[in-house]
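Just so it is clear, none of the values below were taken in a lab; they were calculated from the coordinates. Quick caveat: nothing in here was measured; it's all calculated off a predicted structure. Cβ atoms come from the backbone with ideal geometry, glycine included; neighbour counts cover every protein chain shown.
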Amino acid sequence: MQLIGQYDSPFVRRVGLALTRYGMAFTHHPFSSFGESDKFVAHNPLRRVPTLVLDDGEALIDSYAILDHLDEVHGRDRALIAASGPERRAALRRCALATGVADKAVSFFYAKIFAATLDPAFVARSEAQIQDGIAALNDACADRAGDWWFGAEPGHDDNTVACVARFVSEAYAHLVTLADYPALADHCARAEARSEFQAIQQTFIPPA
Ligand SMILES: N[C@@H](CCC(=O)N[C@@H](CS)C(=O)NCC(=O)O)C(=O)O
């Protein structure tokens, strides 16, 4: 398997973390989705990462679809998310909240780079979506009983929240300071201390 994309992307990182936790061998191609998209456009016409190329050449796109495949191959009963029911819905909601923040943060970043001018209403709305989303993730961490939602070890939701919080705090340092969100900061610190998080990481590099 080949994983395409840089680990400063929370979408790529959460896939890299799952591959690592599942003990699946893969080759990592840290191509930039902007400067190096020609290197993988044959696999993904959207020029987006993560893209996962399977050994038979089939290319999977979008982190949700990729994780779904990895969970199936690893075994739904051993996957990093509940197989069904309320626990699965709650975990997917946390993942969607986190990736939703990342979606807004990514598209707003592109707008700031590429648009000549930005409507102040769009700027205010984008910043509010990012900040309110981060605050909601902090509340979710504060409400949790144990160390991780998934149980004794982090699951996809735990991983995704930590990846997105780090990404946003680096890409929007002027907007989001993790210390202002103590429960989320604690979640991130415990995640980043883990061996797989130390192996699968990259400090944010602005797209160019
Ligand atoms: N929904 C996608 C989002 C992936 C995404 O936004 N990737 C960004 C990098 S963080 C990208 O490839 N952007 C390039 C572009 O959209 O032009 C997923 O979950 O994988």
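By other beta-carbon atoms within 10 Å, ranking Ser126, Ser32, Ser195, Ser9 with the fewest at the front produces Ser195, Ser32, Ser126, Ser9. Rounded, prolate or oblate: which fits the range 46-95 when a ≥ b ≥ c are the square roots of the eigenvalues of the alpha-carbon gyration tensor, with rounded for a/c under 1.5 and prolate only if a/b beats b/c? Cα axes put the range 46-95 in the oblate bin.
Across the chain, the mean sequence separation of Cα contacts (distance under 8 Å, 6 or more residues apart), normalised by length, yields a relative contact order of 25 percent. Put the Cα centre of the range 50-114 next to the Cα centre of the range 118-184 and the gap is 17 Å.
For the chain, give me the percentage of DSSP beta bridges that are antiparallel, rounded to the nearest 5 percent.
If we restrict to bridges inside the chain, about 65 percent are antiparallel.
Only one residue of Val106, Ile200, Gly5 has its Cα farthest out toward the positive end of the dipole of the chain, where Lys and Arg carry +1 and Asp and Glu -1 on Cβ, and that residue is Val106.
Taking Cβ atoms as reference points and 9 Å as the exclusive limit, the residues near Gln202 contribute a net charge of 0, counting Lys and Arg as +1 and Asp and Glu as -1. Name the shape class, rounded, prolate or oblate, that the alpha-carbon gyration tensor gives for the chain, where a ≥ b ≥ c are the square roots of its eigenvalues, rounded holds for a/c under 1.5, and otherwise prolate holds if a/b is larger than b/c and oblate otherwise. Oblate is the answer for the chain, as a/c is 1.5 or above yet b/c matches or exceeds a/b.
Length available on full extension from Ala42 to Asp103: 0.36 nm per residue minus the Cα-Cα distance, which gives 19.6 nm. For the range 1-98, GluC sites (Glu not before Pro) meeting the loop criterion (DSSP other than H, G, I, E, B) and having at most 14 other Cβ atoms within 10 Å: Glu58.
Working from Cα pairs under 8 Å separated by at least six residues, relative contact order for the range 2-78 is 33 percent.
Helix screen, the chain: DSSP H segments with Cα axial length of 27 Å or more and mean Kyte-Doolittle hydropathy at least -1.0 are 85-114, 120-143. In this label model, Thr20 and Ala121 are separated by 4.4 nm, measuring between points 7 Å along each Cα→Cβ vector.
Gain on full extension, evaluated as 0.36 nm per residue between Ala59 and Ser84 minus their Cα-Cα distance, stands at 6.4 nm.
Amide H to amide H distances under 5 Å link Leu60 with Leu52, Val53, Leu54, where only residues 5 or more positions off or on other chains count and H is placed in the peptide plane. Overall form of the range 85-199: prolate. Here a/c, set by the Cα gyration tensor axes a ≥ b ≥ c, is 1.5 or more, and a/b is the larger of a/b and b/c. Each Cα pair under 8 Å and six or more residues apart adds its separation to the average, and for the range 85-199 the resulting relative contact order is 30 percent.
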